[in-house]
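Comments concern the structure below.
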Amino acid sequence: MIDAAWEKRVLPALAEYTRIECLSPAFDPDWAERGALSEAAELLCAWTQEQDDGLITEIVQLPGRTPVLLVENGGSGDPILIYGHMDKQPPLGDWRPGLAPFEPVRQGELLYGRGTADDGYALFAAVTALLAAEGGRGRVIILIEGSEESGSPDLGAYVEHLRERIGSPSLVICLDSGCLSYDRVWLTSSLRGNLVASLRVDVLTEGVHSGAAGGVVPSSFRILRKILSRVEDEATGQILLPELRGSGVPADHRESLTSAALEFSDNPLPTVDGLRLGGEDATGRFIARAWSPALEVTGMDGLPAVRDAGNVLRPSTTAKISLRLPPDVDAQRAADVLISALTTDEGAHLTIDLEGVADGWVAPPLDDRYIAALDRVSLDIFQRPIGYHGEGGTIPFLADLKRSFPGTQFVATGVLGPHSNAHGPNEFLHIPMAKAVTHAVAQLLRVG
């Protein structure tokens with residue numbers, strides 16, 4: 001039933017969703033006026049109602065907040081809560097010839113398009129699994145938010161607004177994570193936290209000929225570079241602030257990462273020939289990806305394009321940074337330490353805009369019956385047991401819910417595997433993996 005539903009009902013609707021440019025608010029300040037997020041929510045809502053009019057389906061929208069889609073099966077008791085999101089990243093560069101970010105293209109087992117895997121498939125997988133499980137053994141709630149790619153700034157307000165309606169989940173299933181391969185069901189054991197900030201250095205009120213100002217007025221780029229060097233060792237990439245480094249990798253996580261490294265020693269990233277990677281070996285790279293802090297400058301303003309650049313000492317430089325944090329680091333405490341370290345001593349004006357703060361997450365021990373259910377699915381489909389790995393990304397929802405519901409069980413899984421390129425060009429959904437995840441969710445609902 002599940003595989004047939006994907007081919008006949010899910011993929012055509014997912015293709016329509018792919019065409020909607022429902023960018024996350026951080027990338028589309030005019031999202032409310034443009035209405036693309038509302039369009040996506042309405043498409044997902046209408047599709048769900050078409051599958052079974054017995055499902056309680058509602059778009060919830062608080063004033064000034066992105067919409068949330070809520071689906072309930074009408075059961076009783078503590079619910080199983082299934083999570084995904086409908087907002088998307090921007091195209092981010094040129095896509096391969098024959099592909100476009102908002103035009104779905106199927107090539108064999110892959111469906112290309114922005115948001116197909118991150119995380120447009122989630123609602124379709126959740127509803128299909130719920131129907132295949134014939135409602136499961138109790139109450140099921142599907143929550144699809146609209147601001148995850150911006151750090152989920154609206155989610156806390158919705159969790160509080162819907163607290164009585166949701167109750168205390170017995171199990172949370174998150175469908176926004178990844179997999180190391182497409183040959184088994186994977187569970188995420190941890191996620192890093194994240195800080196996003198913009199740093200602006202001003203030295204002039206307007207640009208000045210570099211022949212007149214060079215050597216006299218300090219370069220805003222040099223000052224910015226010096227400021228960042230207080231956080232990161234530019235020679236090694238190591239984060240220098242102790243409060244941002246965490247307390248180390250727990251023994252059981254180190255063991256699972258070592259096992260994964262033994263099997264997946266090859267680098268799946270699209271690196272240039274000869275690039276030296278971080279970590280002494282494959283195990284070191286897996287640990288770095290899951291448990292180490294890392295800084296990246298993800299965007300810059302104040303620099304003209306190379307073809308337009310003249311001999312001008314520019315008035316300012318702005319950098320947007322993304323700082324990944326170990327799963328056990330308190331993100332707000334890290335933000336306070338970071339801001340204290342970002343000072344300038346040359347009289348330049350420094351402006352810091354902290355755009356997002358999100359804690360990491362460590363999965364609590366999972367009940368044996370859920371492990372057995374997932375193992376059955378993985379063995380039936382792939383003839384391999386489930387795998388475990390730590391992800392380098394962030395899902396704020398999981399940390400928020402773990403704090404709010406400390407006794408809840410969690411399953412974080414997903415379809416973002418090798419070369420699926422979430423956030424980058426040429427994103428694709430691996431359709432057989434999406435079907436497998438749907439089977440896994442259905443089995444959890446039957447057990448639940």
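The values are calculated or read from the model by the stated rules, or taken from the named source; none is laboratory data. All values derive from a computational prediction rather than experimental measurement. Cβ coordinates were reconstructed from backbone atoms using ideal geometry, including for glycine residues, and neighbour counts include every protein chain displayed. The area values use the complete protein model at the heavy-atom level, side chains included, leaving out ligands, DNA and RNA. Shrake-Rupley method; radii C 1.70, N 1.55, O 1.52, S 1.80 Å.
Tabulated results
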{"read-out": "From LEU224, LEU204, LEU195, residue being of a type in the set (A, V, I, L, M, F, W, C) and within 26 Å of ASP400 (Cβ to Cβ)", "value": "LEU195"}
{"read-out": "Tally, over segment 197-217, of residues that are of a type in the set (Ser, Thr, Tyr) and open to solvent by 40 Å² or more (accessible area, probe 1.4 Å)", "value": "2"}
{"read-out": "Conditions (1) closer than 21 Å to ALA133 by Cα; (2) open to solvent by less than 40 Å² (accessible area, probe 1.4 Å): number failed by ARG369", "value": "(2)"}
{"read-out": "Residue that is nearest to the chain's Cα centre (by Cα) [pool: residues in segment 159-215 that are under 30 Å from ALA129 (Cα atoms) and of a type in the set (D, E, K, R)]", "value": "ASP176"}
{"read-out": "Filtered residue count, segment 338-353, keeping only those that are open to solvent by 40 Å² or more (accessible area, probe 1.4 Å) and within 15 Å of VAL201 (Cα to Cα)", "value": "11"}
{"read-out": "Single unsatisfied condition, LEU44 versus (1) within 20 Å of VAL415 (Cβ to Cβ); (2) touching a residue at least 60 places away in the same chain (Cβ under 8 Å); (3) open to solvent by 20 Å² or more (accessible area, probe 1.4 Å)", "value": "(3)"}
{"read-out": "Meets criteria (open to solvent by 70 Å² or more (accessible area, probe 1.4 Å), more than 29 Å from PRO396 (Cα to Cα) and either free of Cβ contacts under 8 Å to residues at least 40 places away in the same chain or within 23 Å of the chain's Cα centre (by Cα) (or both)) for ARG222", "value": "yes"}
{"read-out": "Answer from ILE56, ILE20 - the residue that is of a type in the set (Val, Ile, Thr), open to solvent by 50 Å² or more (accessible area, probe 1.4 Å), touching an Asp or Glu at 6+ places or on another chain (Cβ under 8 Å) and over 12 Å from LEU123 (Cβ atoms)", "value": "ILE56"}
{"read-out": "Enumeration of residues in segment 70-98 that are open to solvent by less than 60 Å² (accessible area, probe 1.4 Å) and either farther than 21 Å from ALA41 by Cα or acidic (Asp, Glu) (or both)", "value": "GLU72, GLY75, GLY77, PRO79, ILE80, ASP87, GLY93, TRP95"}
